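Some notes on the structure that comes next.
What follows is calculated from the coordinates using simple rules that are stated; it is not laboratory data. Given the structure is predicted, the values throughout are model-derived calculations rather than measurements. Every residue, glycine among them, receives a Cβ derived from its backbone with ideal geometry; neighbour counts consider all protein chains shown.
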Amino acid sequence: MGFWGRRRGMLVAVIGTAVAIGTGVVGLSVMPGILSGAAPAKPEPTASASPTPSPTPLTPVEQLLTTTSDPLACAVDFRGPGITLPPMLQTQGRLFTGLPIPTREGVVFGGWYATEADAAALTATARVNGAQLATCTDRRLILHAGWATPEQVAAAHTRVPILMYHQFTTKPEGEKGWLRGNFAYTGDFEAQMAHIEQTHFYLPTWDELNAFIDGTLYLPPRSVIVTDDDADPTWLELAVPIVTQHRILTTSFVITKFRHEGSPSPYVLQRSHTDDMHEAGANGKGRMVNWTADQIAADLERSAQVLGAKEVVAYPYGHVNATAEEGVARAGFTFGRTTAGGFVKPGTDKLLLPVIRMNYGDTVQTLIERIG
């Protein structure tokens, strides 16, 4: 075979091999892309799982808010030197209730304040207590503790007057009859309440008065408690609108035998004037000094069930003796309010609280002369 014969034979062999490869006759292992000339495919990278982030723990205030569905609920956060209190819920637009009164060695608690500066200065006009409606921002409020030194407490020399009113009249000349002195003229009463509001008297709650008597709470020198005996219709109709207008926290002592309704105003606390002891006993004096301690305690329990509170009772007619005091204590009341004149001071007997009686003819000038 000549040269061209050998070339032709080799070409036939190559073509035959190519055909065999294309038809799969020859069992050759051919890498993908070899025949087409494309680059080999790269392996797909394996995605690694991202760690799940841990949720941010809720603050104590946030945790507290999760416990209520009330849209008016407000979480109050307490801060200041020596304060380790948990937050508590209050209700927007209602009087603060049960604000704590902490203790700390060597100083006396001076109240709660919205700013650290007011807490440090014990700014009386900025002090927050149960005489005020709760106002919150985004359902939260921070209160800062103020502390007073024993020297500051002694220098203040605070004495707390408890004002005692009874009935009311719109007649400048007053009412007639033997109870004439009990009827305060509404014009005088309005001027007195305006004076208390405009001159920034501090209005302590009963739990604050309790701590003040014990010496564990500082009260500003210009402090006053306003009360009314009997919850007479003239009180409800004529006086309650005045104390509400001037935002004066008052306590109405209710004879629950005759009144079962709730408070007529957010600024009026209803407390006991007994259930059925505002009556004369066999000796002409009130039942409270004629009944046994057990009878007295049972009556006060009935009164407390109607009012939903104990705390303080006003003795009918001001009549009180050792048996009455025992009955009041046995019923779980902290205070007994008399009709004896005087001011409340640290160490005052809690079952014999004195008062400043307000009568017909007493003007705003009379009030100024008595309490400042």
Please report the base-10 log of the normalised intensity I(q)/I(0) for the chain, using a Debye sum with one equal scatterer per alpha carbon and no solvent, at each q in 0.06, 0.09, 0.14 (1/Å).
-0.35, -0.62, -1.25
Violations at 29 Å Cα threshold for listed pairs 176/345; 171/285; 310/345; 171/345; 176/350 -> 176/345; 171/285; 171/345; 176/350
Multiplying the sequence separation of residue 156 and residue 258 by 0.36 nm and subtracting their Cα-Cα distance, what value in nm do you get?
32.5 nm
GluC sites (Glu not before Pro), loop per DSSP, at most 15 other Cβ atoms within 10 Å - longest free stretch of the chain:
1-104
Efficiency by 1/(1 + (r/R0)^6): what FRET value for residue 214 and residue 104, r their Cβ-Cβ distance, R0 = 22 Å, to the nearest 0.05?
0.95
Set Lys and Arg Cβ to +1 and Asp and Glu Cβ to -1, take the dipole of region 236-290 about its Cα centre, and tell me which of 289, 262, 240 lies farthest positive.
289
Placed amide H near residue 270: partners under 5 Å, 5+ positions off or other chain
252
Helix runs (DSSP H) in the chain reaching 24 Å along axis by Cα, Kyte-Doolittle at least -0.5
3-23
Below 18 Å, Cα to Cα, which aspartates and glutamates can residue 257 reach? Residues fewer than 8 away in the same chain don't count.
228, 229, 230, 232, 275, 276, 279, 299, 301
Please give the charge dipole size of the chain, origin at the Cα centre, charges +1 on K and R Cβ atoms and -1 on D and E Cβ atoms. Round to the nearest 20 debye.
2160
